[in-house]
Amino acid sequence: MSSVASSGFATATPESWYDDWQPILNDTRFQLASAVVLAPAVAVLLWFIVAYQTSPLKKYPGPFLAGFTNLWRLRQAISADYAPRMKRLHEKHGPVVRIGPNLLDIDYPELSRTVYNTDGKWKKTDFYKNSSSIINGKITYHMFSEVDQVEHARLKRPVVRHYSVPSVRAMEPHMDAVIQEFIDHLQARFVDTRAECPLGEWLAYYAWDFLGAVTFSQKFGYMEAGKDFDGTLSVADQSIDYLGMCGQMPWLDHVLDKNPVYPLGPPNISNVTRIAVENMTARLKGEDKNFAEEKPDFLQYFIESKDTHPDVVNEGTIIGYLLLNLIAGADTTAITLKALFYYCLKDQQVYNKLQDEVRARFEPNKPVPMSEARQCLYLEAVVNETLRFHPPVSMCMERIVPEGGLALPDGSVVPEGSCVGMNPYIVGRNKGMFGQDADTFRPDRWLQQDGETEEQHKERMQRWGTAQLQFGGGSRICLGRNMSIMEVYKVVPTLLATFDIALTDPNEVWWTSSRWFYRTKGIKTTIRPRK
Ligand code: HEM
């Protein structure tokens, strides 16, 4: 019973509290309900504690919660500040950070050739699996998301040669046409009108149209429309963010996107799929008006693979190859181009040096040939620095440690079955490798330094190569790297040779979102004719 204190307010003594609750506590229904709710909760808690205490990864440093549950890293991905957060953790804990109960993020460039190699033993983790679709009721993986190494090799074999340097070089006429169109749009819309140019957005329109042209000889029309008219670019952003977040707890994908009742994943890039299917159908019927024999494209190459590898390639596989090109290649290249312009425009010395090199060689209004762009050493330094400083993929590329474990330079061995990965953003800013100013954008670091012999420079570049994971590595290395490098090497000098470009606000700070891709928005510029 409650007692009334002298103040007039009712207060509960311990005895009266017990008196009030006793009937409820004694009620067997209450006791049963408590057992049903509490017992599993206690069991789960115990399971977490035992798993934490007995984990062979317990000895590695990292946030306390990360050792218990992957919810911790899901939270980091949701924050959209993933790579900078991971970097701060490495600054605090050193080269090995435990970022999940069974996952270590390692910053040992000397191990990059071990973890990302060609022997087929280092499997991708389930992180990648949610980048898949349901076709005829079955979850279907493509080259990027297939974790089974044998199946991956089977899918890759028919098409790998089509991404080689000679195959990609054969597509240069397509590239020149798109680059010419890009210059013409910038001239008409921003130079002639003196309107402000949202260069970041235009680089993305250009990258998507470019990939449409080399993939199936048809631009999507983003430059023509001057906007993301069908929402594809926005949907692509959503799917890549979904991959980055859901990949932290891969089973979530079965609950969200792959549940047959009410799928909650990102929308499909339906317009692009429609265009891919229409192009393939027209091409197979010999009715594709956009295609010319002398200008090969990926669709043509993939159709040839159907003849050379009929056991693997059918029309469904071709659509998969086409769509993967777009999903994997458009935004990554756009992110690189945006970063290159943003960081160069922010540093007038770098920008002028690049512009001087380009203008000494190239005329305005003419797409620069790849063979000549390759001669520009400072351009090469700027591209390398951009990819190091702002890699489009800015998350840990997870692999499962195979039999025998992974020996770390600190003498410890990460046991078989654990997951490890490197993040191109972290490894690219490794101070032991790139120097104390690794957090500064400084393209000159890639050039031969005063007092450095040619041999020493070559040796340094080879060593730095181990920390260049922007395109991944080993058997799962990016297939489109030759294509994207060519795209960047051609368009950057063409723009610099044609226009004077400046940030409208030199103090602009762009918007960034770091999950699987390190996405950005901004770069408002004025564009004038070359003086
Ligand atoms: C700057 C541009 C690009 C960057 C930084 C980039 C980065 C990457 C990375 C890091 C991976 C491996 C991911 C991992 O192992 O976890 C990858 C895979 C892949 N990329 Fe790229 N990519 C770029 C452009 C392209 C382009 C233009 C294409 C196609 C035309 C492309 C097609 C692919 C494919 C097919 C894979 C899967 C390869 C496999 O697993 O066998 N990428 N990319």
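Evaluate the stretch 367-378: report whether one residue or more is crowded, with 18+ Cβ neighbours inside 10 Å, assigned to a helix (DSSP H, G or I) and among the acidic types (D, E). Taking every residue of the stretch 367-378 in turn, none turns out to be crowded, with 18+ Cβ neighbours inside 10 Å, assigned to a helix (DSSP H, G or I) and among the acidic types (D, E).
Counting the residues of the stretch 335-357 that are in contact (Cβ under 8 Å) with a residue 12 or more places away in the chain, more than 9 Å from the ligand (Cβ to nearest atom) and part of a helix (DSSP H, G or I) gives 14. Can you tell me which of L233, L243, L211 is hydrophobic (A, V, I, L, M, F, W, C), within 13 Å of the ligand (Cβ to nearest atom), in a helix (DSSP H, G or I) and within 22 Å of W511 (Cα to Cα)? Exactly one of L233, L243, L211 is hydrophobic (A, V, I, L, M, F, W, C), within 13 Å of the ligand (Cβ to nearest atom), in a helix (DSSP H, G or I) and within 22 Å of W511 (Cα to Cα), namely L243. The residues on offer are R274, R283, and the sole one that is out of contact with any helix residue (DSSP H, G or I) (no Cβ under 9 Å at 6 or more places or on another chain), farther than 30 Å from I527 by Cβ, charged (D, E, K, R) and not in a loop (DSSP other than H, G, I, E, B) is R274. Of all residues in the stretch 112-140, those satisfying the criterion of being away from the ligand (no atom under 12 Å from the Cβ) and among the charged types (D, E, K, R) are R113, D119, K121, D126, K129, K138.
Checking the structure you have, find out if any residue of the stretch 424-447 is of a type in the set (F, W, Y), within 16 Å of the ligand (Cβ to nearest atom), assigned to a loop (DSSP other than H, G, I, E, B) and under 23 Å from A236 (Cα atoms). No - not one qualifying residue is present in the stretch 424-447. Keeping to the stretch 102-138, report how many residues are buried (at least 17 other Cβ atoms within 10 Å of the Cβ) and assigned to a strand (DSSP E or B). Of the residues in the stretch 102-138, 7 are buried (at least 17 other Cβ atoms within 10 Å of the Cβ) and assigned to a strand (DSSP E or B). Residues in the stretch 413-423 that are surrounded by 15 or more Cβ atoms within 10 Å (Cβ to Cβ) and either away from the ligand (no atom under 13 Å from the Cβ) or part of a loop (DSSP other than H, G, I, E, B) (or both): V414, S418, N423.
For the stretch 239-277, the set of residues classified as more than 30 Å from W72 (Cβ to Cβ) and either among the β-branched types (V, I, T) or at pLDDT 90 or above (or both) consists of I269, V272, T273, I275, V277, listed by residue number.
Selection of helices (runs of 4 or more DSSP H) fully inside the stretch 23-101 by the criterion of at least 3 residues being under 30 Å from the mean Cα position of the chain (by Cα) returns 71-78, 82-93. Residues of the stretch 256-274 that are surrounded by 12 or more Cβ atoms within 10 Å (Cβ to Cβ) and farther than 23 Å from G231 by Cα: N259 alone.
For the stretch 314-334, filtered to residues that are near the ligand (Cβ under 10 Å from one of its atoms) and among the β-branched types (V, I, T), the residue that is nearest to L284 (Cα to Cα) is I327.
Of the residues that make up the stretch 483-491, is at least one within 16 Å of the ligand (Cβ to nearest atom), more than 21 Å from the chain's Cα centre (by Cα), in a helix (DSSP H, G or I) and closer than 30 Å to D192 by Cα? Yes: the stretch 483-491 contains one or more residues that are within 16 Å of the ligand (Cβ to nearest atom), more than 21 Å from the chain's Cα centre (by Cα), in a helix (DSSP H, G or I) and closer than 30 Å to D192 by Cα.
Taken over the stretch 500-517, the criterion of being part of a strand (DSSP E or B) and crowded, with 23+ Cβ neighbours inside 10 Å is satisfied by S514 alone. In a residue-by-residue description of the stretch 381-394, the property of being surrounded by fewer than 15 Cβ atoms within 10 Å (Cβ to Cβ), in contact (Cβ under 8 Å) with a residue 24 or more places away in the chain and farther than 25 Å from W516 by Cβ applies to no position. Among the residues making up the stretch 387-409, a single one is in a strand (DSSP E or B), more than 16 Å from P109 (Cβ to Cβ) and more than 8 Å from the ligand (Cβ to nearest atom): I400. Quick one: would you say A188 is more than 29 Å from C396 (Cβ to Cβ), more than 12 Å from the ligand (Cβ to nearest atom), of a type in the set (A, V, I, L, M, F, W, C) and free of Cβ contacts under 8 Å to residues at least 24 places away in the same chain? Judged against the criteria, A188 is a match.
Each row is one residue, and each column tells you yes or no for (1) touching a His at 6+ places or on another chain (Cβ under 7 Å); (2) within 26 Å of H174 (Cβ to Cβ); (3) without any contact (Cβ under 8 Å) to a residue 24 or more places away in the chain.
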{"residue": "K219", "(1), (2), (3)": "no, yes, no"}
{"residue": "M223", "(1), (2), (3)": "yes, yes, no"}
{"residue": "G226", "(1), (2), (3)": "no, yes, no"}
{"residue": "D230", "(1), (2), (3)": "no, yes, no"}
{"residue": "C246", "(1), (2), (3)": "no, no, no"}
{"residue": "M249", "(1), (2), (3)": "no, no, no"}
{"residue": "D253", "(1), (2), (3)": "no, no, no"}
{"residue": "L256", "(1), (2), (3)": "no, no, yes"}
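The values are calculated or read from the model by the stated rules, or taken from the named source; none is laboratory data. The structure presented is a predicted model; accordingly, all values stated were derived computationally and were not measured. Quick reminder, even Gly has a Cβ in these numbers, built from the backbone with ideal geometry, and neighbours come from all protein chains shown.
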